[in-house]
Structure formats: structure tokens, C-alpha cells
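First up is the structure itself, then whatever we jot down about it.
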Amino acid sequence: MSFVPGQPVTAVVQRIEIQKLRQGDKLILGFSIGGGIDQDPGQNPFSEDKTDKGIYVTRISPGGPADVANLRMGDKIMQVNGWDMTMVTHDQARKKLTKQKEDVVRLLITRKSLEETVSQSKGKNPKPCTYANEKQNLNDVMYTNNVR
Amino acid sequence: MDNESQYSGYSYKSSHSRSSRKHRDRRDRHRSKSRDSSSRGDKSVTIQTPAEPLLDAESTRGDDRDDNWGETTTVVTGTSEHSISNEDLTRLTKDLEESTPLECKRFVGPALGGCLSFFALVTPLAFLILPQVLWRDTLEPCGTPCEGLYVSLAFKLLVLLISSWALFLRPPRATLPRFFVFRCLLMVLVFLFVASYWLFYGVRVLEPREPDYRGIVEYAASLVDALLFIQYLALVLLEVRHLQPAFCLKVVRSTDGASKFYNVGHLSIQRAAVWVLDRYYSDFSVYNPATLNLPKSILSKKMTGFKVYSLDENTTNNSTGQSRAMIAAAARRRDNSHNEYYYEEAEMERRVRKRKARLVVAVEEAFTHIKRLQEDEAASSPKHPREVMDPREAAQAIFAPMARAMQKYLRTTRQQGFHSMESILTHLQFCITHNMTPKAFLERYLAPGPTMQYQQQNGRGRQWTLVSEEPVTSALRQGLVFSLRRVDFSLVVTVTPLPFLRLGEEFIDPKSHKFVMRLQSETSV
């Protein structure tokens, strides 16, 4: 997940859809986030590259909506409902996730094991993979971000 | 060793138009008469002793010498009738020194300067006195203005006297191989100056018997003023100019690589050499020829390679071919001498540490045997009379238990040549007198000190040869290399200029020092 500044970022992402749970008068998702461009990236235990200032999932409450939707601890959130999460402050990320008017969030997350899965499956499959094949087989999307 | 080679004097005094040269001259003459002629050594004697075999004999003796040698207290003598032992060498040099005559060249410079300055001092007084003596009756009377001039003249002469004494009346430190350019320049300047004043005086005053005495007094006062300015010039040229550092000298001793860096100002090569030597005696550890080479046991193994025999009938190209073959063979052979060197070093270090521990313990214990007698104790203990000793006797009393440990330690660290038993006793006596602890007593022996520590204070000079490719009166500049050679080692000096410093400024407002903690928040959503 290291990037070259100025070049588009490429990552293998997984789409996760979380239904918010109503708890009292709040809608919660059941996980915690850390990171952001205003935070200290060296303290992030989940990132490979310690200069990565993205938003990471730091804790999942067991049995919550995020756990049900297969979100894992250590995942990096690339998009929330179409909003980019790779270059946001911590507070902006929180706001995008906790909009009270939305009850579903669609995340694009990436983790290290996804890349390994993709490379393994490419090896197994002799025929060349097209974009459509991949999409159907693995429910993965090649994600390109041109923000940087 | 340093203190056994030949001596000579060095004079490094600046001598030019100072009024008290006569005092120094008189003092020099006194000094030369009072000391015997043996105290001034001759520069040109070289001692033709076989230095190489002497060193080898010493080092091999050291390797297989019995460690219990000290017990039998035998005396070191020459090993054979063909070599000279260290004691003989010392005796030889001392004999040579004592027989050399007084060196006259050393005093030519100061004597000349003394005469010149005496002449310059006397001149204003002569200018004043001569008209009074020769044509007193035709002189115009000159009242108050002249007396004012007399007063100022007297005080200026006094200032000249005092400042010459303070600045230039110092014992000479070195003789330089060539003329000291600035000093010569100043002497010539003073001579020309005074001569021209005398010329003018002779032609314009003495000849026509000038009656205007006030003018003469003013003339004499202007001479003294000009002398004061020349003294200022001398001060700047000789003392002040070389104070601001401009060059960095790296001094490396050729035998063991001991090196130091010094910052000097603008000097000529010979003056820089004297400067370096001044610092050499107190900064560099003493030169110990016994610690130079790797032990023969390590190096000799390299020599026992296999021999190459040529079966060729043609013997003309034999030697070169054989040597080349031997060198190639030696290079191909696996060389383990570094291994042996490493282990030998470790073993040597261990031995030194062991001996040092024994020495320290022995000295500590020896020092507990005596204590200083307090004033009241002597009176108040008539029942227990203790023998009261002076420092020398006390030193001799406690020297015995530590003598063996000391001797072994000195031999292991190869310092035995520097410290005789007498010198150790003297040092012990010195330490006892000044209430020093055993550690302070041992400080002199545990580490090799600077060369000054081992010099005998007998006023004899040290002979050094300045070897340089440039003329020695030229100024220092970048890339210059010269060396100062002595009989058995030399100091190689390299000159590099100090870098030009561009100092910038940055102002920091004290209120601008503010800090925050780094953020690492975690929010649950």
C-alpha cells in the first residue's frame, strides 16, 4: 500500500456494505477508526508503510454491524459512500461515516491479504483475467484513485 | 632517547633598537662567565654509534629475559665486546658535550641588537649634551619650553626602557638556521634611522654650531618619538601578527604515528618549526624506541617460506627470477601472521594489566606503612617513641616492598629506560612530602608522559634539523610540508589553511517555542 507521490494509487479493494444499527437515537456502525492526515502515522499499528495517513479500522465490536458485514480489524478504508478516505482528516472521516440521514454505508476497504489472494488466483487461472472476469469471480475491483 | 643526543643552544629573541639591550648584553656576558663552558653544546657533532644493532639487542633481550631478573639485582652491561650498551652511550655523549667549546654564534645576534639599541638610546642624550659641552656660551638660553621638552623626553625614554625590558629582554629560546627576516629588517631600519639622524645632526648642528638650543631639543624629542613608533612596529611584526590563527599544522611523528593538530598564524617556516617544537615537548608522549616494532616472533615466521632452487645452467638471471618466484610463492601462501599478532597483542595486554594490578596493590600497601607526624603527637607520646624520619628516609623505607613490582611493571611496558631507581626514589620522596596518594604517585608511571617530563634541566639545548624543500624564510602556505629531524625520528608537518567562515544570522523569537502533542485519536462510529 505504499504510494509514489504524484502517481495514481492502485490497490485491490473489497466492497463492504454495512447496515447501521439504531441504538437509542444514534445510528452506529460498531467499529472504531484511527488515522487521518492530521494524525501521527507512526503510531498506526496496522499500516505497513508508517507514513501512510489513511483511515484504518482499529477495533470492531463483536456482533456489531461491521462484524456481521465482514469488516476486519486493520482494514484501510479507501471510500465511504463514494467519498474518498485516503486524504482526509480524522474528523472529516468520522463525519462521513456518521451521517445520521444515511443508514447504509458502502465502504471500499483494502487489506494485505486481498492482494495475495488476487495474485494467487491469477496464478491458478491459466487464461488471462479480464476486468469483468475478476469482478464476477472475486467480487473485487481494481481501484484507482487519482486524488494524489 | 631524547636526553642523550647532542645539544646546542637556540636563541629566539628579537633584538633591535631597544634601550636596555646593554643590560641584556651585560647579563649575557655574566651568564656565559658564570656557567662553565660545558653547558653550551656544539651543534655540529654527530655520534657515529651503531644505532640499529643496539635496538635489536635490546628488543631480543626483552623477549626472552627472565622475569626474576630483578631478584638477583645484577647490573646491565654490554652484551658483547662489539656492541655498546646504553650506559656507555650515555657516557659517550656526556663526554663529548663537556669537551666542546662555547658557541659564539649564538650570541652574535643578541650582541648586535644590544649594541644597536644602546646606541639608539644614547643618541638623544648625546644630541642634548654635545652642544652644552662644545659651545655652551653661544647657545641661546631656553627656559620653560625646553624644560617641558626635557620632562617629556625623560618620560618617553623611561617608557621605552620599560617596554623594551618587558617585551624583548627575554632569554633566547632558539637559534634559527637562517636570518629572522623581520628582526633583521627592524635592525636595519633602526640603524638607518639613527644614522640618518646623526648625519643630519652632524651636518646641520655640529658643523655650524647651531645656537638654537630649543630646536635641538625638539629634534632629540622627535628622535625618541620615532623610536617609540619603531618599537610599536616591532611589537606588531614580531609579537602580534602571528597571533591570529590562519593555518592548521598537522604534526606526525614518523616512528609511531603520534599526531596532533595545531592552529598557527602567519609565520615563516623556521618560526613555525620553533613553535611546533615548543608544543612538541609538552604535548607528545615521549618517544620510546623499545615499543616500535612487532615482536620478531611474529614477523620472522614470514621469512621461513620454501626456498626456490633454480636448475638452470644460466645463472645470470638467477637472482631476479628467484626473488620473483619467492615473492609470488609467499603471496600465494596463506598468511597467518595477523592471527598471531592478535593473540600476541591480547596476551601482552593481559600481562600488562596483571603487572599493573600487582603494582597498584603493592604501592597502596607501602603507603600505609608511613604517616605524617602531627605536631602535637611528638610531644604527647613519650611512652611510644617512634623513629622520626625525613622524607628521603621515609621514601627509602617504603620503597623496598614495591621495588620488585615496580621493576616488573616498567619492564613489561618497556619504560625501564626512562626511570632509574634514583629517579623513582626522588619521585617517591616528592610525593610523600606533598601528601600525595598512591594513585598520584603512580600517575607518572602508568602512562607515558610528555617529553618534558623526562628532560633533565641542565640548560643544554636540543639539536633539531629542519628539512624543507622551500627556503625556510618563506611564509607558510597551503600544501607546504617540512619535517623536523632528530637522530632517530622525525616530525613531519603538513600545512593546510583554516577554512573561511561565513557566519549567518537567524533570529528566533523566544515566544515562538511552542509544542503540541502528536495526535493519535481513535473514534468509534
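The values are calculated or read from the model by the stated rules, or taken from the named source; none is laboratory data. The structure presented is a predicted model; accordingly, all values stated were derived computationally and were not measured. Note that each Cβ is placed from the backbone with ideal geometry, even for glycine, and that neighbours are counted across all protein chains shown. The accessibility values were calculated without ligands, DNA or RNA, using every heavy atom of the protein model including side chains. Shrake-Rupley method; radii C 1.70, N 1.55, O 1.52, S 1.80 Å.
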Open item on the list: Pairs please, first residue from segment B:497-525 and within 27 Å of B:GLY265 (Cα to Cα), second anywhere and part of a strand (DSSP E or B), Cβ atoms under 8 Å, 6+ apart in sequence or on different chains.
Closed with: B:PRO497/B:PHE247; B:PRO497/B:CYS248; B:LEU498/B:PHE247; B:LEU498/B:CYS248; B:LEU498/B:ASN263
Open item on the list: If I ask for residues that are more than 30 Å from B:LEU373 (Cα to Cα) and open to solvent by 60 Å² or more (accessible area, probe 1.4 Å), which ones from segment B:413-452 would you list?
Closed with: B:ARG414, B:GLN416, B:PRO448, B:MET452
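To keep it simple, each residue is scored yes or no on (1) over 17 Å from B:LEU235 (Cα atoms); (2) open to solvent by less than 80 Å² (accessible area, probe 1.4 Å).
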{"position": "B:SER117", "(1), (2)": "no, yes"}
{"position": "B:ALA126", "(1), (2)": "yes, yes"}
{"position": "B:LEU134", "(1), (2)": "yes, no"}
{"position": "B:GLU140", "(1), (2)": "yes, no"}
{"position": "B:LEU223", "(1), (2)": "yes, yes"}
Open item on the list: Just the residues that are over 28 Å from B:VAL274 (Cα atoms), surrounded by 20 or more Cβ atoms within 10 Å (Cβ to Cβ) and either among the hydrophobic types (A, V, I, L, M, F, W, C) or in the same structural domain as B:VAL276 (by the TED database) (or both), please, taken from segment B:161-204.
Closed with: B:VAL194
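For segment A:82-96, which residues satisfy the criterion of being away from every other protein chain (no Cβ under 13 Å) and in a loop (DSSP other than H, G, I, E, B)?
Taking segment A:82-96 and keeping what is away from every other protein chain (no Cβ under 13 Å), we get A:82-84, A:86-87.
If the condition is that a residue be away from every other protein chain (no Cβ under 13 Å) and in a loop (DSSP other than H, G, I, E, B), then A:GLY82, A:THR86, A:MET87 are the ones that fit.
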